[in-house]
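Report on one structure; see the data block that follows.
The values are calculated or read from the model by the stated rules, or taken from the named source; none is laboratory data. Nothing here was measured: the structure is a model prediction, and the numbers come from that model. All Cβ positions, glycine included, derive from the backbone under ideal geometry; neighbour counts span all protein chains shown. Heads up: the accessible areas ignore ligands, DNA and RNA and are worked out on the full protein's heavy atoms, side chains in. Shrake-Rupley method; radii C 1.70, N 1.55, O 1.52, S 1.80 Å.
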Amino acid sequence: MTNPSLALESVSYVLPSGRTLFSNLNEQFDQRHSGLVGRNGVGKTVLAGILAGTLQPSAGRVARNCSVHYLSQLVSHTSDTTVASLACLKGKLDALERIEAGTSAPEDFEAVNDHWDIRLRLQQELECNGLGHFDASTPASALSGGEAMRVALIGATLSGADYLILDEPSNHLDRPNRNALIEQLQRWPNGLLVISHDRQLLDSMDRILDLSSLGLQSYGGNYTFYAHCKAHERLNAEQELEQHKLERRRQEQFMCKQQERQERRTARGTRSRKEANQAKILLDRQKERSESSTGKLRQQHEAARKQLALRVRNALQQVEDDAPITVHAAQGMRPVLRRVAELDEVVLPFVNGAMKTISLTLNGQQRVGVVGPNGCGKSTVLKLMAGAYQPQAGTCRVAPETIYLDQHLANVDPERTVLDQVLELNRTGGEGDVRMRLAQLGLDAQKVMTPCGLLSGGERLKAALACVLYAEPPAQLLLLDEPSNHLDIPSAQALEGMLRSYQGGLVVVSHDDAFLNSLGLTDRLVATDQGWQLAPWRVPTPVGSH
């Protein structure tokens, strides 16, 4: 195919609520590897769906002359999902199996096309990615979140598509696999669009596209270049806005003085006419001239005010709408001094090798980061502490005031609004206080009344966090599994600040080193070849410091 490409032509999208998400977007997507960035809820995933053809725009069109493979940010599965399903290859593999069994159905040959070695290629890719102990028929339930994402990425690269659209592909991946993903995508020979908040991944892109209240803007460089340009543009826009506001204030003061002088002249003229011994016709003409001058001045001032207001509005439109994000700490919470968790020779389900057994004792002042490769059992440890899994042997005792946030956000009901769910968990704050907290979290009055299943990935995570963090009474032990996934950078930084001030016990799983290092952790629970080991948390000393 010659120059595979996608093009947005005056594309707009209006939500079912009637709110315009974005409008009149125009952009060309060619062979350059592009990163798409923007705040949570701005419409990145919707735009990806429009480009992939899974969503239709409200207005405009997408010119598409190539095949597109779209990988959603949520790699979900059901009880009958397999590795083949996660890789989007089940249809081809099932058709191949029927052909090998003797079928001659044309639709099976069409499904296989020329991919007669697809079963072998899938197994080879699994082995190359350290997943050779799985095969096409392995149930998806046997995979960790990171392993499921890696299988989905294998399927994307085996799709043979002319263009890949990947939504948050580094979520759930450990550091080695994040690095492997970057290398894998750098070898990808065709078009690529990556939606991400992962700065390391974005730094490997050829250009960055920024979706904001200002529209869709392209920056011809990686994330570091984009961040520099964006900061410079924001500063210039804010300075221009302030200059126009200052000019409006100065002109307003000047016009007020002009008005006062005109009023004084009019008053003097009125007094003079009363005292003058002139014909009435002459006095009336003087009065008309005075009123005419006053009227013209008023019209000039009105026109000037409109022009000044227009300049301010135009300058304001160039300043991106990016209200700060705030995550509130639990109200009235005192430091937790007692023991909050005790695992005694616990045998973990679904875990093999040295990590199968764990012993751990935590008090309310311990803040633990759980680290290790994908599939080692980090999420299983949290699920067992939360009561979602039962140990195969040993005993597990955890404080009853424990709240768990899992990777799949199971604590939020997709059919209900976040406001209803938070109010159900927090009956002391009142609706006004809850609305304020949710708004400062980035969920405005319209979004808090939207069913959670219709929110963006980042907004759903914020809803889940609100249900965890704003519950009453506050949890004495927080179990958080990849809580920064899907969050934009300002939201992740706000969450970091809140967790630093949290007074209870904390156990958090994350592959984001910068996020973990910012939480004020006390301990590191590490999955090693010798088993689980608890050690003091030490933040790496910055290069060049003394």
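Taking amide hydrogens as modeled 1.01 Å from N in the peptide plane, which residues meet the under 5 Å criterion relative to Gly429, leaving out close sequence neighbours?
Amide H neighbours of Gly429, under 5 Å, 5+ apart: none.
Once amide H atoms are placed 1.01 Å from N in the peptide plane, what residues at a sequence separation of 5 or more from Leu36, or on another chain, have their amide H within under 5 Å of its amide H?
For Leu36, whose amide H was placed from the backbone, the distant partners under 5 Å are Val194, Ile195, Ser196, Leu209.
Given the peptides 402-408, 7-13, 213-219, 151-157, arrange them by the average over their residues of other C-beta atoms within 10 Å, most packed first. Don't skip to the end; give the middle numbers.
Numbers: 402-408: 19.9, 7-13: 17.6, 213-219: 15.7, 151-157: 22.9.
Most protected by this proxy first, the peptides run 151-157, 402-408, 7-13, 213-219.
Excluding Ser359 itself, calculate the net charge of residues whose Cβ lies under 10 Å from the Cβ of Ser359, where each Lys or Arg counts +1 and each Asp or Glu counts -1. Walk me through the intermediate numbers first.
Details: positive: none; negative: Glu342, Asp344, Glu345.
After counting each charged neighbour, the total is -3.
Quick check for me: using +1 on Lys/Arg Cβ and -1 on Asp/Glu Cβ, what's the dipole size of the range 396-546 about its Cα centre, in debye to the nearest 20?
Once rounded to the nearest 20, the dipole reads 280 debye.
Sort 490-499, 19-28, 65-74 by the packing proxy (mean of other Cβ within 10 Å over each peptide's residues), most packed first.
490-499, 65-74, 19-28
What whole-number distance in Å separates the alpha-carbon centres of the range 102-127 and the range 236-254?
66
Taking a probe of 1.4 angstrom, what is the accessible area of Thr428 in Å², to the nearest 10?
Roll a 1.4 Å probe over it and Thr428 shows about 110 Å².
Which order do the peptides 526-536, 447-457 take when ranked by the mean count of other beta-carbon atoms within 10 Å per residue, highest first?
In descending order of packing, they fall as 447-457, 526-536.
What does the charge dipole of the chain about its Cα centre add up to, to the nearest 20 debye, if the Cβ of each Lys and Arg holds +1 and the Cβ of each Asp and Glu holds -1?
On the way: 59 positive and 63 negative charges, 836 e Å.
Taking the Cα centre of the chain as origin, the dipole is about 4020 debye.
Rounded to the nearest 20 Debye, what is the dipole magnitude of the range 75-191 about its Cα centre when Lys and Arg each give +1 and Asp and Glu each give -1 at the C-beta? Working shown, then result.
On the way: 9 positive and 18 negative charges, 74 e Å.
That gives a dipole near 360 debye.
Hey, what number do you get for the chain at 222 nm if only DSSP H runs of n ≥ 4 count, each worth -39500 (n - 2.57), divided across all residues, to the nearest 500?
Calculated at 222 nm, the ellipticity per residue is -13000 deg cm²/dmol.
Starting from the range 335-417, pick out the GluC sites (Glu not before Pro) whose DSSP state is loop and whose Cβ has at most 11 other Cβ atoms within 10 Å.
Numbers: sites: Glu342, Glu345, Glu401, Glu415; in loops: Glu401, Glu415.
For GluC sites (Glu not before Pro) across the range 335-417 that sit outside H, G, I, E and B with at most 11 neighbouring Cβ atoms in 10 Å, the list reads Glu415.
Helix 90-100 sits at what angle to the longest principal axis of the chain, using alpha carbons and giving 0 to 90 degrees rounded to 10?
40
Considering the dipole of the chain built from charges on the beta carbon (Lys and Arg +1, Asp and Glu -1) around the Cα centre, which of Ala445, Pro349, Gly102 is farthest to its positive end?
Farthest towards the positive end: Ala445.
Using a 1.4 Å probe on the protein chains only, how many percent of the accessible area of the chain belongs to carbon and sulfur?
Working: 13190 of 26850 Å².
So the carbon and sulfur contribution to the accessible surface is 49 percent.
FRET efficiency for Cys66 and Ser104, Cβ-Cβ distance as r, R0 = 45 Å, nearest 0.05?
Efficiency, rounded to the nearest 0.05: 0.90.
Compute the long axis of helix 489-501 from its Cα atoms, compare it with the longest principal axis of the Cα atoms of the chain, and write down the angle in degrees, 0 to 90, nearest 10.
70
Work from the charge dipole of the chain (Cβ charges, +1 for Lys and Arg, -1 for Asp and Glu, about the Cα centre) and give the residue of Ala237, Gly191, Gln251 farthest towards its positive end.
Gln251
Please report, largest first and rounded to whole Å, the three semi-axes of the ellipsoid equivalent to the chain, where each semi-axis is the square root of five times an eigenvalue of the C-alpha gyration tensor. Let's see the in-between values first.
Numbers: eigenvalues 643, 223, 82 Å².
The answer is 57, 33, 20 Å, longest axis first.
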